[in-house]
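*Asks:* Once you've had a glance at the structure underneath, I'll fire off some questions.
The values are calculated or read from the model by the stated rules, or taken from the named source; none is laboratory data. The model shown is predicted, which means the values in this text are computed figures rather than measured ones. Don't worry about glycine lacking a Cβ; one is built from the backbone with ideal geometry, like all the others, and counts go over all protein chains shown. To get the accessible areas, we keep the full protein, side chains included, count just its heavy atoms, and leave off ligands, DNA and RNA. Shrake-Rupley method; radii C 1.70, N 1.55, O 1.52, S 1.80 Å.
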Amino acid sequence: MPSSGGNPEPTKKRFEDLDLSGPMLKALRLAGYEYPTEIQAGLIPLAFEDEDVVGQARTGTGKTASFVIPILEQLYPHREKPGPQALILVPTRELAVQVSTEVVKLSTGQRVHCVALYGGKPIRGQIEKLRRGAEIIVGTPGRVLDHLSRGTLKLDDVWCVVLDEADRMLDIGFRPDIEKILRRCPSDRQTLLLSATVPPPIQKLAERYMCEPKFLNFSPKDLSVDTI
């Protein structure tokens, strides 16, 4: 119906429009999330379609929930895949804590175990948590590799890998570690890469380790890499 004068309000997508389960919608309400942000509305449907995605987005755009929601919605029952099913790589321990907190918040009412793996913490406690089992692993590349080399982390059941703040991970010098980890993951996985900028090294990484990725740019329109 045409509006009578004035500009109509832009129609806002709601989480209900994203084909989410009852428990997830309840968790989102409890977390105070009313409407999906641009990156959530753009990335979640593609993640459900099993697409590889490169999402260009800055911190504070709701990017963490954009990959946590589809992972939580698609977890297999533990008896079908007893090992970790999703691996989220992050550049710093602070981000590992932040992302794992988001996983816990959005999995309210579900029995989901998430383990954060990062340096500066005794490895023994992490080994014990891994031994008890976890569907989702959030970790820094160095500590994840450490667990892989000890045999305390197995990636055979992983169907989704997320590279969060990929440009920062490359700046810190994690590229060789990331590549080693990706080579240890099943080849038929889904890969989601989130980065504030997509410089040539990130594009190369995407070309090499992702399958025909879709590129989404959610950076502010007036902020192109050329102007920085």
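*Asks:* Give the number of residues within the range 45-71 that are of a type outside the set (Gly, Ala, Ser), under 24 Å from Val115 (Cβ atoms), touching an Asp or Glu at 6+ places or on another chain (Cβ under 9 Å) and free of Cβ contacts under 8 Å to residues at least 60 places away in the same chain. Can you show your working first?
*Replies:* Our first condition is that a residue be of a type outside the set (Gly, Ala, Ser); within the range 45-71, this holds for 45-46, 48-54, 56, 58-59, 61, 63-64, 67-71.
Checking the rest, the ones that are also under 24 Å from Val115 (Cβ atoms) come to 59, 63-64, 67-71.
Now narrow it down to the ones that are touching an Asp or Glu at 6+ places or on another chain (Cβ under 9 Å): 59, 63-64, 67-68, 71.
Now narrow it down to the ones that are free of Cβ contacts under 8 Å to residues at least 60 places away in the same chain: 68.
The number of residues fulfilling the criteria is 1.
*Asks:* Taking the range 28-39, which residues are of a type outside the set (Ser, Thr, Tyr) and open to solvent by 10 Å² or more (accessible area, probe 1.4 Å)?
*Replies:* Arg29, Leu30, Ala31, Gly32, Glu34, Pro36, Glu38
*Asks:* Give the number of residues within the range 182-193 that are open to solvent by 10 Å² or more (accessible area, probe 1.4 Å) and either charged (D, E, K, R) or outside any loop (DSSP other than H, G, I, E, B) (or both).
*Replies:* 4
*Asks:* For the structure I just gave you, tell me whether Asp157 is part of a loop (DSSP other than H, G, I, E, B), of a type in the set (Asp, Glu) and either at negative phi or more than 21 Å from the chain's Cα centre (by Cα) (or both). Talk me through it step by step, then tell me what you get.
*Replies:* Numbers: part of a loop (DSSP other than H, G, I, E, B): yes; of a type in the set (Asp, Glu): yes; either at negative phi or more than 21 Å from the chain's Cα centre (by Cα) (or both): yes.
So Asp157 passes the test.
*Asks:* Can you tell me which residues in the range 160-181 are open to solvent by 40 Å² or more (accessible area, probe 1.4 Å) and not in a helix (DSSP H, G or I)? Walk me through how you get there before you give the answer.
*Replies:* Filtering the range 160-181 for residues open to solvent by 40 Å² or more (accessible area, probe 1.4 Å) gives 168, 171-173, 175-176, 180.
Passing the criteria: only Gly173.
*Asks:* Considering only residues of the range 77-93 that are more than 24 Å from Gly173 (Cα to Cα) and touching a residue at least 24 places away in the same chain (Cβ under 8 Å), which is most open to solvent (accessible area, probe 1.4 Å)?
*Replies:* His78
*Asks:* Is it fair to say His147 is without any contact (Cβ under 8 Å) to a residue 60 or more places away in the chain, touching a strand residue (DSSP E or B) at 6+ places or on another chain (Cβ under 9 Å) and open to solvent by 40 Å² or more (accessible area, probe 1.4 Å)?
*Replies:* The answer is no for His147.
*Asks:* Further, regarding this structure: Condition (residue is within 25 Å of Arg184 (Cβ to Cβ), more than 14 Å from the chain's Cα centre (by Cα), open to solvent by 10 Å² or more (accessible area, probe 1.4 Å) and of a type in the set (Val, Ile, Thr)) applied to the range 118-135: is it met by at least one residue?
*Replies:* Checked against the condition, which is being within 25 Å of Arg184 (Cβ to Cβ), more than 14 Å from the chain's Cα centre (by Cα), open to solvent by 10 Å² or more (accessible area, probe 1.4 Å) and of a type in the set (Val, Ile, Thr), the range 118-135 yields at least one hit.
*Asks:* Hey, does the range 63-76 have a residue that's assigned to a loop (DSSP other than H, G, I, E, B), small (Gly, Ala, Ser) and under 13 Å from the mean Cα position of the chain (by Cα)? Explain how you work it out, then say what you get.
*Replies:* In the first step, residues of the range 63-76 are kept if they are assigned to a loop (DSSP other than H, G, I, E, B); the result is 74-76.
If we keep only those that are small (Gly, Ala, Ser) too, we end up with none.
No: the range 63-76 contains no residue that is assigned to a loop (DSSP other than H, G, I, E, B), small (Gly, Ala, Ser) and under 13 Å from the mean Cα position of the chain (by Cα).
*Asks:* Among (1) outside any loop (DSSP other than H, G, I, E, B); (2) within 27 Å of Leu43 (Cβ to Cβ); (3) without any contact (Cβ under 8 Å) to a residue 60 or more places away in the chain, which single condition is Ala134 missing?
*Replies:* Looking at each condition in turn, Ala134 falls short on (1).
*Asks:* Which one is surrounded by the fewest Cβ atoms within 10 Å (Cβ to Cβ), of the residues in the range 44-56 that are among the hydrophobic types (A, V, I, L, M, F, W, C) and in contact with a Lys or Arg (Cβ under 8 Å, 6 or more places away or on another chain)? Working first, answer last.
*Replies:* Going residue by residue through the range 44-56, those that are among the hydrophobic types (A, V, I, L, M, F, W, C) are 44, 46-48, 53-54.
Still in the running and in contact with a Lys or Arg (Cβ under 8 Å, 6 or more places away or on another chain): 46, 53-54.
Working: Leu46: 19, Val53: 23, Val54: 22.
The extreme case among them is Leu46.
*Asks:* Could you say which residue among Thr140, Thr64, Thr59 is in contact with a Lys or Arg (Cβ under 7 Å, 6 or more places away or on another chain), of a type in the set (S, T, N, Q) and open to solvent by 10 Å² or more (accessible area, probe 1.4 Å)?
*Replies:* Criteria check complete, one pass: Thr140.
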